[in-house]
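Here the structure is laid out as structure tokens; the discussion comes afterwards.
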Amino acid sequence: MSLTNQEKENRSTRLGQVFALKRKYLAIPYALFLVLFVIIPLLLIIAYAFTETTVLTDGTKQTSFSFAAAASFFTSASKWSVLFVSLFIGIQTTVICLILSYPAAYFLAEKKFRVNKVLVILFIMPMWINFVIRTGATRDLLNWMGLSGSTHPWSATIIGMVYNYLPFTILPLYTTMLKLDHAQMEAASDLGANPWQVFWKNVIPQSLPGIVSACEMVFMPVMSSYVISDTLSEGKITLFGNYIYLAFSNSLWNEGSFMALIMLVIIGITMFATRNVEKDPSSVRGGGLW
Amino acid sequence: MVEQEQATASSPTPVASQAETPDVVVTKRIPSRPKKQHPFWEGKGKRVFAHCYIWVLLILMYLPVLVLMIYSFTTATTLGDWKGFSFDLYGQLFQDKEIQIAVGNTAIIALVAATLSTIIGTLGAIGVYESRPWAKKTLEFATQVPVVNPEIVIALSLIVMFVFIGSISGSFHLSFWTLLAGHLVLTVPFVYLSVKPKLIQMDPALYEAALDLGCTPRQALRKVVFPEILPGVFSGFLLSITLSLDDFIVTAFTTGPGLLSGNSNIATVSTYVEGIIKKHPLPATSRALATLIFVGVLLFVAVLTIYNNVKAHQGKKRKGRQY
């Protein structure tokens, strides 16, 4: 009697071991999801960027390898200018955002303010209003103030971008500022550094991870933005995002894919350039909102 | 009894005392030195400057929102043209069929996408955490891809895939499901990223202990692991909702007929408003909508903050586990 029970138990545990719910199996749906909706689409972008579909005389479609999309991009002066305008607006917005948010983040992380976490929440609050309504409101307000997109497209676009992306730069800077080692700064000034030297040689290097993630959160989204540039400049400034959107609405899949590929390359370069900076994983697109 | 006492005595207190001692040591070691602030924070003038700076920045950031809210109480079509105080726009908001459809669609998509992505992301985080190093590395990298990719690249890559599938199967059409897929790509990685730190914080022995004490793996997950990571799951869910509500690009690319829009493409608040502001000023009713959203969010955040504060306060009193 006891023997059979023992046997039963053994068998059930052995069976259990084979079919047991192992925690790592829970990653299977996640992995499938990523492969299906992230990896395969990106591979298809690369494939579409270097192919061309021609309709033959008998009506059938033929897809072949070609550099047509690349050639049409690199030979067109207007597309080059879109690329440079996007880069320029991206850099300008990033710099303005950094200059505005750096002191703000520094002050917010100060002990006297830190008691008041409400202030940080206040800075993030506008992000909860629908982004398109917010952009429309900014445009209408600027129009009212006489800074309309039809007369000042560049400054209107920059203001709209800065307004939209400022919270995204304050957040990562704030999180690194919280970790600022004040003893180091004190030591530097005790050893004879003047406030500027302390700032450049100690505070900036200490907050570098925050600066890098702030830049990453602003630069690429600005370059690829569609709604803000389109609304605030009233269609006068075309960024990379607008161009991809144009390709999408005209069903130019190959050209659109090639431009998306260029964006991917730029991302790759920035990721590679900043690979040695330890980034704050929570500070990406809306991270830390809650 | 004795065991319980030992358990409560051993785990939390040493952590707390360790965290507190260095501060005490530092202040005691240099009692004679005048307390010196670091070089950017001396004097009252700088403090006043800091206050002014932060408040001016805040006011500038809230300017469009405030103007919007003030002008939600007048029926003017453009800002700057005050037509007398009234609640008319709020009345119109509840009669405007199009805007109601847009709000309904947005809510449905946000809830469905957030729920699904919370499930996939949470399970994924638990699974990846326990996977072999190579699988972990690969999946972590794949998780980063949609996070660093601009939305427009995500949107284009998805639509290209749908076009590709369409060219194979012979029929290309977008629907609620393609839209949902787009929103899931946007939100799932963020659920993963907000659950992961909670798993790292968790005591890995807890799960084993639950198994040893007779739980099945499923029970152990539900009764031991899940409560531990719940704050991360919750913030992942909220983050998903915000990302989904706010999205324009992915929605505009992947939307198809369905839901409340019937036979026309599913319109969300973002796409509906964008279609109007291309040519016209912001629709008057959307000012009332924005005000309602803002007040709602304000209340929600206030309640959440108070709740967290009360909980933190209670935790301090009871000297419970420290997170």
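What follows draws every value from the coordinates through simple rules; no lab data is involved. Owing to the predicted nature of the structure, the values given are computational and were not obtained by experimental measurement. Reconstructed Cβ throughout: ideal geometry from the backbone, glycine too, with neighbour counts over all protein chains shown.
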Item to complete: Can you grab the distance from the C-alpha centre of the range B:130-154 to the C-alpha centre of the range A:184-262, Å, no decimals?
Response: 21
Worksheet, complete the sentence: Heads up, the range A:23-66 by the C-alpha gyration tensor (a ≥ b ≥ c square roots of eigenvalues; a/c under 1.5 rounded, else a/b over b/c prolate, else oblate) looks prolate
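Filter the trypsin sites (Lys or Arg not before Pro) in the range A:221-279 down to the DSSP loop ones having no more than 15 other Cβ atoms within 10 Å, then list what survives.
A:Arg275
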Worksheet item: For the range B:97-280, max minus min Cα coordinate along each principal axis, in Å, sorted largest first?
Response: 63, 37, 27
Worksheet entry | Residue order, fewest to most surrounding Cβ atoms within 10 angstrom, among B:Val224, B:Val153, B:Val160 | B:Val224, B:Val160, B:Val153
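Using the Kirkwood radius over C-alpha pairs as Rh, can you work out the diffusion coefficient of chain A via Stokes-Einstein at 25 °C, viscosity 0.890 mPa s, in µm² per second?
Roughly 106 µm²/s, to the nearest whole number.
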Worksheet item: Where Lys and Arg each count +1 and Asp and Glu each count -1, what net charge lies around B:Thr216 among other residues with Cβ under 13 Å from its Cβ?
Response: +4
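Can you tell me the relative contact order of the range B:97-280? Whole percent, Cα pairs under 8 Å, sequence separation 6 or more.
Dividing the mean separation by the residue count of the range B:97-280 yields 39 percent.
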